[in-house]
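Where a number appears in this text, it was derived from the coordinates with a stated rule and is not lab data. Model, not experiment: these values are computed from the prediction. So basically every Cβ, Gly included, is an ideal-geometry build from the backbone, and we count neighbours across all protein chains shown.
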Amino acid sequence: MSKHVVVIGGGVAGLEVAGQLSKAGIEVSVIEKEINTGGHLNNWYRLFPDRRDSSEVKEYLDGMTHNHGINLLTNTTIEVFKRNTSHFLITTNGGKELTADAIIIATGFDLFKSSRKEEYGYGIYDNVITSVDLEKMFRKGKIALTNQTVPETIGIIHCVGSRDEKVGNFYCSKLCCVTAVKQAIEIREFLPDSKVFCFYMDMRMGGAFYEELYREAQEKWGVNFIRGKVSEASETIENKLLIKVEDTLAGRPLKMKLDMLVLMAGMEMSEDGEKIAGIVGLKTGENRFFAATDNLIGSNRSNIDGVFYAGSCTAPMNIPETISHARAAVVEVIDYLNDGIR
Amino acid sequence: MKFDPFIIPFNIGLYFIIIYVVARSVIWFHDLSRPDKLRLQRGFFGIPFALSLKEIFMESLIHRKILKTNLRLGYMHMSLAFGWFLLIFFGTIEADIFGTKHLNAPYKAIFFRFFNPEHGRIGFEATYGFLMDLILAFILSGLLLAVIKRFYSRVVGMKKTTRLKITDRIALTSLWLIFPSRLLAESFTCGAHGTGSFLTGSLGAWLASFLPAQQIAYPFWWLYSISLGTFFILLPISRYMHIPTELFLIFMRNSGIKTGDKAGTYSEVQTYSCSSCGICIDACQLNFSAGITNIQSAYLMKAIRNNDDVSEIVDNCLMCGRCDQKCPVGIELSPIRMIQRRGGEAENDIRNIYNGYFRSRQINIPEKVISSSNYSFLQESDPQKADILYFAGCMTHLTPAIKNSMIKILEASGVKYNFIDEQGGVCCGRPLMLAGQDKEARELINYNSQMIWKSGAHTLVTSCPICYKVFKESYYLDVEVLHHTQFIKKLIDEGSVKMNFLRKKVVYHSPCDLGRGSGVYDEPTEVLNHVSRLEKSDFEDENSLCCGGSLANMKISSQKRKKIALDAATELTKNNPDILATACPLCKKTFAAVTETRVADISEIVAEALIEKPIKINSGSHANSIKELANI
């Protein structure tokens with residue numbers, strides 16, 4: 001009898017795991033809370049570092065799921081989770097019951113809610129937007145202020161909700177830096193007359209081809225990088241944004257008037273992930289993400305036999321890392337199903 | 001019988017403690033500042049003295065405040081304190097009336113039964129004996145509770161009890177032994193002579209029925225005397241020093257002496273008046289939310305008394321003031337903590353027993369090394385003239401929704417105002433003060449004072465309770481300082497602003513610095529009642545919780561901080577209000593991070609309810625309202 005694996009989450013990690021498991025002849029069900037699969041991928045415009053359209057990745061993932069006969073349960077959440085000696089019993093919100101030999105958690109991340117950093121005025125001032133809002137503007141093909149005029153000076157604030165003790169997030173979300181670089185370039189492409197300023201703490205350009213992109217942003221696109229954390233923003237009478245920041249390289253405080261402010265929201269453990277941690281009894285770490293049992297050689301393993309992690313539900317990850325992590329999870333699951341070891 | 005050697009330990013102890021307390025009070029009086037000395041002298045011949053006698057009776061003997069908060073704990077304290085007092089009082093009278101002569105040495109009263117074993121057979125004597133037994137029974141019932149409390153603190157309704165040092169333990173043991181040994185000594189003596197009332201008589205008769213009572217009685221009299229003597233000698237170096245010290249505290253307080261910001265006699269008297277009852281521990285959110293159980297005020301007082309290093313304790317405190325409100329002795333705990341913060345690293349004296357009795361006094365707190373920070377870069381201010389100044393404060397700049405709401409309200413009211421820190425102002429100075437850096441804070445205070453003075457305003461409105469408290473207390477301004485809730489209340493009363501009623505269920509969180517810190521409780525709730533459906537919470541006014549965001553704690557981890565905020569928010573939003581209202585930008589920010597319920601400052605709710613009227617030019621009523629405000 002063929003084995004059945006339930007994947008919780010239909011984003012990049014979930015779909016990749018599902019596709020690969022199916023290919024290996026294992027029956028797979030994917031539970032996705034939204035109507036559409038793809039998760040955050042649906043929000044992105046083009047992807048760093050080579051700026052391919054996100055729809056290409058989406059197409060690949062959809063192809064994986066469609067070609068391999070995966071049981072997709074969208075608009076579905078988990079209500080009850082039970083464990084027998086050899087398998088898991090899941091009851092969904094629709095009352096549907098699933099029996100699984102193994103579970104893969106691929107609940108991903110939530111974007112940091114930027115309104116929590118009220119000092120930047122997201123939701124209070126016009127023209128303070130997040131990186132996601134900007135991606136949506138790119139998709140529409142138009143960058144405009146709320147009064148429909150074109151912004152001339154645009155500020156990008158890095159590390160919003162990351163490496164910030166005040167909001168309780170000590171960790172680095174890792175890909176906001178490169179997102180900022182990518183978006184700065186794209187803004188300059190859309191609006192060749194604009195000026196873009198990035199306010200950063202450190203530029204963490206650790207991924208493949210990131211540093212090159214950073215260099216291109218400076219040399220080719222003339223993006224200004226200012227090292228310093230913005231302390232607060234306020235709105236002026238002429239509806240501009242006045243920010244206060246310390247230029248830590250020049251060693252002096254700085255005030256600047258901008259037309260638009262883009263907040264690089266960090267990544268946080270997803271709320272639904274936290275709920276599932278409670279229902280299933282999975283351990284979470286100090287950063288609130290799921291805690292793997294071994295950070296070196298077992299980043300897919302959970303504290304429960306037969307439950308595995310895939311993707312950014314364990315830590316901030318970019319798409320190539322997520323795909324790799326998901327494929328690694330597939331190996332772990334197959335080992336477990338064959339030998340009963342995890 | 002006139003004398004027996006067993007009384008010697010008691011006599012040594014008694015005369016020692018009398019001499020000690022006299023010497024100590026002379027030193028304390030000597031260390032007082034001149035004005036405080038005068039206050040005390042005036043108080044001695046005036047009403048404060050009478051008030052103190054009443055308060056000493058109500059608080060030191062009856063323990064009214066503890067009874068109010070916790071009946072069983074109060075009974076325990078009352079039975080020991082008031083019972084012992086009655087025993088001494090009626091014992092002295094007994095010795096005086098029934099003894100061989102009048103005006104006896106104290107031991108005659110304490111050991112009356114030993115010297116008058118045949119006493120109390122008939123008539124009035126027997127009735128009096130009954131009274132004495134009743135008092136002893138009263139004390140013993142309290143003692144039983146005390147013993148149980150030490151091992152199971154929940155029995156008296158306390159979650160935690162204080163941990164003790166070794167001298168406290170010995171003193172505690174001798175205290176516990178005093179009354180049972182008296183009971184047994186008296187019972188055996190009574191049993192041997194066939195006297196005694198319902199307690200000592202019946203117990204004595206029963207014991208005598210199978211034991212040689214006369215022989216056994218004598219060692220128990222020794223034990224009784226030794227426990228008393230030991231207790232008196234250890235008193236100054238144990239927490240029981242609070243018994244004599246509290247009398248001084250009450251008298252000093254009634255004479256109008258305040259803690260101030262420097263260590264001195266009054267802060268030391270207060271430190272010694274702490275009985276380690278542990279009520280502050282139960283009140284502390286660091287305890288019941290964050291599980292930090294070694295920094296509460298009772299431990300701070302103990303550490304100061306013991307000359308321990310307090311640096312770990314003093315800074316780990318939210319300074320929310322909940323313990324100040326709950327302290328049954330009325331010790332000004334937060335000001336004493338501030339004194340310790342102002343001090344540098346406490347010197348760790350080599351302690352010996354002598355040092356314990358006459359410890360190096362708090363006056364010796366070393367001054368903090370003056371930091372090199374200097375604010376000469378601040379440019380001279382040149383503010384616009386205005387009637388009303390609005391000082392948002394730095395926290396309000398970080399919560400711009402509050403700032404925008406206040407601007408909307410100020411504009412709608414039509415008053416002539418100047419938003420003095422619109423382009424960013426200078427800090428009010430309180431964070432520095434809370435860190436114990438008074439000198440640096442003073443520089444900022446002077447700068448802001450000048451600016452306020454130059455503006456010619458008569459009213460200063462601030463949105464931040466932290467600023468409000470420091471403007472009120474540490475600035476010498478001749479302008480009226482108002483928190484924006486008070487200002488809005490005034491505008492409503494005058495009719496300068498009109499509002500719709502919002503059909504929203506609101507619960508109010510009273511910020512520490514506004515409520516307990518500055519006594520502003522009514523205006524915020526009145527404003528909320530005016531515009532919304534204000535609901536009750538379990539934590540109102542003095543009992544309100546700290547949001548956990550306090551600037552004052554520099555030690556706590558962010559996880560524990562979050563836990564405090566989460567617990568407080570959960571309590572407040574228990575009945576699912578539409579809005580969790582507060583009046584402090586810091587509380588707002590802290591709560592907003594941990595609850596799904598909408599968190600809003602009162603000004604935001606008011607701005608939402610505001611009926612914006614067209615701006616009238618040269619309107620008579622407009623001018624009136626400015627004039628009225630001028631006469632606030």
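Evaluate the relative contact order of chain B (contact order divided by residue number), counting alpha-carbon pairs under 8 angstrom at least 6 apart; express in whole percent. Walk me through the numbers before you get to the answer.
Details: 988 pairs, mean separation 70.7, N = 632.
The value is 11 percent.
Once the mean 1/r over all distinct Cα pairs of the range A:37-154 is inverted, what Kirkwood radius in angstroms do you read off? Let's see the in-between values first.
On the way: mean 1/r = 0.0547 Å⁻¹.
Radius from the Kirkwood sum: 18.3 Å.
Any chance you could get the radius of gyration and Dmax over the Cα atoms of the range B:5-243, in Å?
Just the Cα atoms of the range B:5-243 yield Rg and Dmax of 19.6, 66 Å.
Using a ≥ b ≥ c from the Cα gyration tensor of the range A:114-266 (square roots of the eigenvalues), is it rounded, prolate or oblate, where a/c under 1.5 gives rounded and otherwise the larger of a/b and b/c decides, a/b for prolate? All intermediate terms of the calculation are to be shown ahead of the outcome.
Numbers: a/c = 1.34, a/b = 1.06, b/c = 1.26.
Verdict is rounded for the range A:114-266.
Compute the projected area of the convex hull of the Cα atoms of chain B, averaged over all viewing directions, and report it in nm² to one decimal place. Before the final figure, lay out each step's value.
On the way: hull surface 134.5 nm².
Taking a quarter of the hull surface, the average projection is 33.6 nm².
List the pairs from B:LYS489/B:LYS555; B:LYS469/B:LYS536; B:LYS408/B:LYS563 whose alpha-carbon separation is above 30 Å, in the order I gave them.
Working: B:LYS489/B:LYS555 37 Å; B:LYS469/B:LYS536 26 Å; B:LYS408/B:LYS563 35 Å.
Violating the 30 Å Cα-Cα cut-off are B:LYS489/B:LYS555; B:LYS408/B:LYS563.
Under 18 Å from the Cα of B:LYS302, which aspartates and glutamates turn up, not counting those fewer than eight places away in the same chain?
B:ASP168, B:GLU246, B:GLU268, B:ASP282, B:GLU312, B:ASP315, B:ASP324, B:GLU332, B:GLU345, B:GLU347, B:ASP349
With 10 angstrom as the radius, rank B:THR485, B:THR293 by how many other C-beta atoms surround their C-beta, starting from the fewest.
Values: B:THR485 28, B:THR293 15.
Fewest-to-most Cβ neighbours within 10 Å comes out as B:THR293, B:THR485.
Could you tell me the relative contact order of chain A? Use alpha-carbon pairs under 8 Å, at least six residues apart, and round to a whole percent. List each step's numbers first, then the result.
Values: 710 pairs, mean separation 67.2, N = 342.
Relative contact order here is 20 percent.
B:LEU482's amide H: which non-local residues (gap 5+, or another chain) put their own amide H closer than 5 Å, with H modeled 1.01 Å from N in plane and none for Pro or chain starts?
The list, which skips near neighbours in sequence, is B:LEU460, B:VAL461, B:THR462.
Under a straight-distance cross-link criterion of Cα-Cα below 17 Å, which aspartates and glutamates are reachable from B:LYS2, leaving out those fewer than 8 residues away in the same chain?
Within reach: B:GLU94, B:ASP96, B:GLU118.
What is the sum of charges around B:ALA568, taking Lys and Arg as +1, Asp and Glu as -1, for the other residues whose C-beta is under 14 Å from the C-beta of B:ALA568? Display every interim value, and only then the final one.
Values: positive: B:ARG322, B:LYS560, B:ARG561, B:LYS562, B:LYS563, B:LYS574, B:LYS588, B:LYS589; negative: B:ASP538, B:GLU540, B:ASP567, B:GLU571.
Once all neighbours under 14 Å are counted, the net charge is +4.
Could you give the C-alpha radius of gyration of the range B:186-247 expressed as a fraction of 2.2 N^0.38 Å, taking N as the number of residues it contains? Walk me through the intermediate numbers first.
Numbers: Rg = 16.1 Å, N = 62, 2.2 N^0.38 = 10.6 Å.
Against the empirical 2.2 N^0.38 Å value, I get 1.52 for the range B:186-247.
Working from the pairwise distances between different alpha carbons, so that the mean of 1/r is found and then inverted, what is the range B:388-627's Kirkwood radius in Å?
Numbers: mean 1/r = 0.0546 Å⁻¹.
Final number for the Kirkwood radius of the range B:388-627 is 18.3 Å.
Length gain on complete extension for the stretch B:ILE93 to B:ILE122, per 0.36 nm per residue less the alpha carbon to alpha carbon distance? Before the final figure, lay out each step's value.
On the way: separation 29, 0.36 × 29 = 10.44 nm, distance 1.78 nm.
That works out to 8.7 nm of additional length.
First select every other residue whose beta carbon is under 12 angstrom from the beta carbon of A:LYS220; then total the charges, Lys and Arg +1, Asp and Glu -1.
-2
Take a quick pass over the range A:179-282 and tell me how many lysine pairs come in under 23 angstrom between Cα atoms, counting only ones 8 or more apart or on separate chains.
Here the count comes out as 18.
Thinking of the range B:140-291 as a set of Cα atoms, what percent of all their pairs are more than 20 Å apart?
I get 64 percent for the Cα pairs in the range B:140-291 exceeding 20 Å.
By what distance, in whole Å, do the Cα atoms of the protein assembly as shown stretch along each of the three principal axes, largest value first?
Largest first, the protein assembly as shown extends 111, 87, 55 Å along its Cα principal axes.
To make sure I understand the rule: partners must be lysines, Cα under 24 Å from the Cα of B:LYS37, and not fewer than 8 residues away in the same chain. Which ones qualify?
Within the straight-line cut-off, B:LYS37 pairs with B:LYS54, B:LYS258, B:LYS262.
Around B:LEU136, what is the net charge, scoring Lys/Arg as +1 and Asp/Glu as -1 over all other residues with Cβ under 14 Å from its Cβ?
Working: positive: B:ARG113, B:ARG182; negative: B:GLU94, B:ASP133, B:GLU186.
Result for the neighbourhood of B:LEU136: -1.
For A:CYS172, B:CYS587, which order do you get if you count the other beta carbons within 10 Å of each Cβ and list the fewest first?
Ranked by crowding around the Cβ, least crowded first: A:CYS172, B:CYS587.
How are the Cα pair distances of chain A distributed, in percent, across 10 Å bins from 0?
Pairs per bin, as whole percents: 5, 25, 30, 21, 13, 5, 1, 0.
Hey, fewest Cβ within 10 Å first, where do A:HIS87, B:HIS119 land in order?
Details: A:HIS87 16, B:HIS119 19.
The fewest-first ordering by Cβ neighbours comes to A:HIS87, B:HIS119.
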